[in-house]
Structure formats: structure tokens, C-alpha cells
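Notes to accompany the following structure.
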Amino acid sequence: QVQLVESGGGLVQAGGSLRLSCAASRSILSFNSIEWYRQAPGKQREWVATMGSSGSTNYRDSVKGRFTISRDNAKNTVYLQMNSLKPEDTAIYYCHGIRYGYDYWGQGTQVTVSS
């Protein structure tokens, strides 16, 4: 059974930082890509960042320069370092991966940024 488990969320003041982790139960290199998504209350889930299997990265415009996606292959973990957090970053953050044609989602971790 393939699992993605997020951790690292919490409450932080505006301007602060958090690092989210997405731990996979299989080698992260076996995934086509691993992405972070987020869903704010009353809003649709939106894509935040992607880590490709080659190590390539992409970000939505609103987080460029503030968020950094990275990985530790030995730990099968993908990270999302979030700096200069804003109240509008408040959401549940989800990890998503595609592996051999199947979609996998984590359970989510809550990030709350107070003003």
C-alpha cells in the first residue's frame, strides 16, 4: 500500500516560516512527480509546487520566491519550506503523487497564518 503522510503544519504569525514534510512509503523516485496542493476554507484546492522525478521544480506565481520544494531521496521525503508567510497562505496543505498511473493523496496538514 502506497501512502503519503504530511506533517509540519501549525499556527504561525505573518512573516514567519514553516517546513512541511511529505513522507512516502515507497521511493519518491518511483513517482512521476510529487506536488503540494492547498485548500483554503470555501475555496477549491489549488496547486502550489511540483518536484519532478528529475529534480525539476515549479511554483505557482503567488508563492515564488517564498516557498521552496526539495527532497531527500534517502528519507523518501519531499519538503515544502514556506517563508514570509501571509494570512492568505492559510489552508490545508496536501501532498500528491502519481506512481505507475495511480494517484495518491496524503491526509493534509493545517497551516494557519495569523495577521
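Structural remarks
- Some residue of the range 84-99 being touching a helix residue (DSSP H, G or I) at 6+ places or on another chain (Cβ under 7 Å) and hydroxyl-bearing (S, T, Y): no
- Note on the range 3-43: among residues that are in a loop (DSSP other than H, G, I, E, B) and in contact with a helix residue (DSSP H, G or I) (Cβ under 9 Å, 6 or more places away or on another chain), the one that is surrounded by the fewest Cβ atoms within 10 Å (Cβ to Cβ) is S27.
- Every pair of residues 6+ apart whose Cβ atoms lie under 8 Å, when the first sits in the range 1-22 and is under 17 Å from H96 (Cα atoms) and touching a residue at least 60 places away in the same chain (Cβ under 8 Å) while the second is aromatic (F, W, Y) and surrounded by fewer than 13 Cβ atoms within 10 Å (Cβ to Cβ): V2/Y102
- Counting only strands (runs of 3 or more DSSP E) that fall entirely inside the range 56-115 and contain at least 3 residues that are open to solvent by less than 60 Å² (accessible area, probe 1.4 Å) and within 16 Å of E6 (Cα to Cα), the qualifying elements are 67-72, 77-82, 91-99, 109-114.
The values are calculated or read from the model by the stated rules, or taken from the named source; none is laboratory data. Note that the coordinates shown come from a computational prediction; the quantities given were computed from them, not determined experimentally. Reconstructed Cβ throughout: ideal geometry from the backbone, glycine too, with neighbour counts over all protein chains shown. We work out accessible area using only protein heavy atoms, side chains counted, and drop any ligands, DNA or RNA first. Shrake-Rupley method; radii C 1.70, N 1.55, O 1.52, S 1.80 Å.
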